[in-house]
Amino acid sequence: MSTTTPDTTETAPVPAAAPVRRTRRRGERGPLGTALLHGGLVLASLIALAPVAWLCYLSLGPDKDDYLHPGGIAGKLTFSNYDFVLRHTGFFDWFRSTMIVALGTTVIGVLVAATTGYAVSRMRFPGYKQLMWVLLLTQAFPIAILIVPMYEIFSELGLIDTYWALIAVNCSTAVPYSAWLLKGYFDTIPFEIDEAGRVDGLTPFGTFFRLILPLARPGLAVAAFYTFITAVGEVAFATTFLLDDSKYTFAVGLQTFVSEHDAQWNYMAATAVLIAIPVTVFFYLVQRNLVTGLTAGGTKG
Amino acid sequence: MTVAIDRATGKRRGDRAPRPGLGQRVRNGLQKYWYAYAMIAPVVVVLGVLVGYPLARGFYLTLTDANSLNSARTIGVNHIDATYKFVGLDNYQDILFGPTAYDRFWSHFLWTVFWTAACVALHYCLGLGLALMLHQKLRGRTVYRLLLVLPWAVPTFVTVFSWRIMLADSGALNQLLGSLHLPQPEWLEDTFWQRFAAIMVNTWCGVPFMMLSLLGGLQSIDSTLYEAAEMDGASAWQRFRHVTLPGLRAVSSTVVLLGVIWTFNQFVIIFLLFGKNSAPDAQILVTWAYQLGFGQQPRDFAQSAAYGVLLLSILTVFTSFYFRWLKRNDQLAV
């Protein structure tokens with residue numbers, strides 16, 4: 001739906017205007033320019049699409065070596081890989097783990113970050129600069145710096161191989177990120193709303209919970225979605241901290257198809273498609289908001 | 001009362017003549033700003049526990065000779081206490097100037113710098129090119145935009161495996177090259193081609209974000225500027241050079257900084273593209289640090305943590321120089 005409607009609005013005026021003035025305005029393209037433009041974009045789209053399309057195609061071939069003879073797949077298309085993955089692997093266990101970790105991170109991360117985002121958007125207090133600097137700096141943390149001490153701490157606490165460990169490490173990046181992102185969003189809500197609330201006798205907490213939070217729902221949604229996606233895609237900590245294969249998240253589970261000795265590319269491809277399709281569809285629904293949210297924190301600071 | 005709505009209160013300091021003592025000031029501050037402190041408390045606590053404490057602990061580890069044989073661990077029901085000892089700055093000395101410093105640190109450092117520069121340059125140029133193309137009035141540009149976002153939408157750990165299949169010895173890419181009678185490099189075995197492949201895959205993954213951010217930037221440039229430039233007889237190149245690029249400055253400086261940080265720390269692509277224990281020369285510092293800490297036996301926790309500290313210092317230095325440079329050029333966006 002959304003992909004077709006803007007086209008009609010864009011192209012509609014063209015036939016009406018074309019017969020009136022035949023000469024091109026300065027800055028308008030000739031047919032060659034248009035062809036080049038389409039050519040470039042088609043080529044770029046093909047490159048963008050190819051790896052994913054190839055994965056989908058290979059997932060339909062029954063043998064693990066089919067990727068060596070892709071021509072042969074067309075003759076024997078089958079869903080047997082999907083059948084196998086859904087029935088004989090830990091797919092649903094992985095799904096459950098991924099959901100627990102990602103949703104846990106999202107809920108905790110956004111809840112904790114929301115008030116801070118508001119505070120740094122509206123208030124200036126001693127320590128404000130330092131806090132903003134810390135929030136920004138944690139974005140630059142390489143995983144290498146936290147993974148070793150976290151591993152030590154968690155193994156002392158007996159938390160290795162638990163979901164809590166992963167939720168905690170994911171929160172260490174999700175919380176500052178969400179706070180930063182939400183600050184950008186709160187900045188776009190007019191300050192007059194706060195003032196009106198204060199005049200009516202609300203405390204800053206009251207203003208925040210009763211007036212601002214309901215208005216900020218789209219911003220919260222973006223922060224939540226972004227945290228969720230990041231937590232789903234987290235590889236390093238999940239690979240290191242999860243030992244029991246029934247607790248693997250997708251990011252770890254997918255690796256199990258490809259070991260040093262044996263690569264079951266067909267099952268891997270089918271699983272990858274099963275993971276990628278819902279995430280991608282979901283992503284497309286919100287991607288426009290994502291970019292705005294992502295750069296708002298940066299450009300409007 | 002007036003604390004929450006900032007701006008006015010933050011600057012109203014000059015009217016208090018005698019400076020009260022420290023205790024009094026802390027008490028005044030708490031009274032005046034307690035709303036703000038209560039609101040940031042959750043984040044401060046979480047960051048303190050989840051980032052601050054591990055960071056301090058990690059820094060201490062770099063001053064010891066900790067590895068998986070002498071760290072505290074539990075085998076079955078037996079708990080073994082840690083036996084590692086304090087060695088001062090030996091780890092740093094060893095990493096930066098030791099006999100194997102070049103093979104282990106500096107070669108990876110050079111490759112990481114090259115990797116970051118190459119990837120961010122490619123991200124930016126391709127992203128800008130595509131954004132400019134999508135910014136034109138064009139039939140079906142919404143469809144193009146959706147297709148071009150695809151690499152960003154699919155989780156990275158999924159697409160990297162897809163690339164691995166395509167780059168395999170007789171995978172799709174080499175079959176394609178073979179049918180065109182072009183040489184078929186060993187993408188995943190030869191060091192040069194490993195690095196080439198890593199940059200290629202990371203570029204593929206990173207362009208969509210740049211493209212969308214820059215497209216947003218392009219759309220926010222006032223179109224009357226272009227009209228004015230055209231009236232003054234500016235050529236297409238001059239309009240790009242003097243209207244588009246300055247108009248994109250704020251967005252560009254943000255996305256380039258993010259791009260450098262993300263690329264420098266890019267773990268997933270290299271880790272998954274080459275699998276465990278292969279391609280030692282294509283590892284960037286982050287994956288190499290991980291390799292030291294978790295990819296070998298015995299696990300060298302102290303050196304891995306030291307790499308972490310070095311990486312963070314490099315990024316901190318880079319970021320502060322970048323900010324200073326932005327400030328001097330008056331392009332501060334963040």
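The values are calculated or read from the model by the stated rules, or taken from the named source; none is laboratory data. Treat the numbers as computed from the prediction; the structure is a model and nothing was measured. Quick reminder, even Gly has a Cβ in these numbers, built from the backbone with ideal geometry, and neighbours come from all protein chains shown. When the accessible area is computed, the model is the full protein with side chains, heavy atoms only, and any ligands, DNA or RNA have been set aside. Shrake-Rupley method; radii C 1.70, N 1.55, O 1.52, S 1.80 Å.
Among the candidates B:ALA289, B:ALA302, the residue that is free of Cβ contacts under 8 Å to residues at least 60 places away in the same chain, open to solvent by less than 10 Å² (accessible area, probe 1.4 Å) and either out of contact with any His (no Cβ under 6 Å at 6 or more places or on another chain) or more than 11 Å from chain A (Cβ to nearest Cβ) (or both) is uniquely B:ALA289.
Cβ-Cβ contacts under 6 Å between residues 6 or more apart (or on different chains), taken from a first residue in segment A:129-149 that is in a helix (DSSP H, G or I) to a second residue that is open to solvent by 30 Å² or more (accessible area, probe 1.4 Å), are listed as A:LEU135/A:TRP180; A:PRO149/B:ARG57.
For segment B:158-173, the set of residues classified as facing chain A (nearest Cβ under 7 Å), assigned to a helix (DSSP H, G or I) and either within 16 Å of A:ALA251 (Cβ to Cβ) or open to solvent by 10 Å² or more (accessible area, probe 1.4 Å) (or both) consists of B:VAL158, B:THR159, B:PHE161, B:SER162, B:TRP163, B:MET166, B:ALA172, listed by residue number.
With respect to being open to solvent by 20 Å² or more (accessible area, probe 1.4 Å), acidic (Asp, Glu) and closer than 19 Å to B:ALA131 by Cα, B:ASP222 fits the description. Where helices (runs of 4 or more DSSP H) sit wholly within segment B:267-334, those with at least 3 residues that are more than 17 Å from B:ARG104 (Cα to Cα) occupy B:268-273, B:301-328. Among the numbered conditions (1) assigned to a helix (DSSP H, G or I); (2) more than 20 Å from B:TYR144 (Cβ to Cβ), tell me where B:ALA234 comes up short. So B:ALA234 meets the others, but not (1).
Just one of the numbered conditions (1) among the hydrophobic types (A, V, I, L, M, F, W, C); (2) at pLDDT 90 or above; (3) outside any helix (DSSP H, G or I) is not true of B:LEU130: (3).
For segment A:121-137, a residue qualifies if it is open to solvent by 10 Å² or more (accessible area, probe 1.4 Å) and of a type in the set (Ser, Thr, Tyr), and exactly one does: A:TYR128.
Here is a yes/no grid of residues against (1) farther than 30 Å from B:GLN175 by Cα; (2) of a type outside the set (Val, Ile, Thr); (3) open to solvent by 20 Å² or more (accessible area, probe 1.4 Å):
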residue: A:PHE79; (1), (2), (3): no, yes, yes
residue: A:THR105; (1), (2), (3): yes, no, no
residue: A:LEU111; (1), (2), (3): yes, yes, yes
residue: A:ALA119; (1), (2), (3): yes, yes, no
residue: A:LEU157; (1), (2), (3): yes, yes, yes
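Every residue, every condition in (1) farther than 24 Å from B:ALA229 by Cα; (2) at pLDDT below 80, yes or no:
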{"position": "A:THR23", "(1), (2)": "no, yes"}
{"position": "A:GLU28", "(1), (2)": "no, yes"}
{"position": "A:ALA35", "(1), (2)": "yes, no"}
{"position": "A:SER45", "(1), (2)": "yes, no"}
{"position": "A:SER59", "(1), (2)": "yes, no"}
{"position": "A:PRO62", "(1), (2)": "yes, yes"}
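Residues in segment B:174-203 that are open to solvent by 20 Å² or more (accessible area, probe 1.4 Å) and either part of a helix (DSSP H, G or I) or in contact with a Pro (Cβ under 9 Å, 6 or more places away or on another chain) (or both): B:GLN175, B:LEU176, B:LEU177, B:GLY178, B:SER179, B:THR191, B:PHE192, B:TRP193, B:ARG195, B:PHE196, B:ILE199, B:MET200.
Working only within segment A:227-242, note down all residues that are in a helix (DSSP H, G or I) and open to solvent by less than 40 Å² (accessible area, probe 1.4 Å). Result: A:THR227, A:PHE228, A:ALA231, A:VAL232, A:ALA236, A:PHE237, A:ALA238, A:THR239, A:THR240, A:PHE241.
Just give me the residues in segment B:244-259 being open to solvent by 20 Å² or more (accessible area, probe 1.4 Å) and more than 7 Å from chain A (Cβ to nearest Cβ), in sequence order. Within segment B:244-259, B:LEU245, B:PRO246, B:GLY247, B:ARG249, B:VAL256, B:LEU258 meet the criteria. With respect to the conditions (1) in a helix (DSSP H, G or I); (2) at pLDDT below 90; (3) of a type outside the set (Asp, Glu), B:HIS108 lacks only one, and its number is (2). Note on segment A:112-127: residues that are facing chain B (nearest Cβ under 8 Å) and either in a helix (DSSP H, G or I) or aromatic (Phe, Trp, Tyr) (or both) amount to 9. Summed over segment B:138-157, residues that are assigned to a helix (DSSP H, G or I) and either more than 12 Å from A:PHE283 (Cβ to Cβ) or acidic (Asp, Glu) (or both) total 9. When every residue of segment B:73-89 is checked against the conditions, none turns out to be open to solvent by 60 Å² or more (accessible area, probe 1.4 Å), among the aromatic types (Phe, Trp, Tyr), in a helix (DSSP H, G or I) and out of contact with any Pro (no Cβ under 7 Å at 6 or more places or on another chain).
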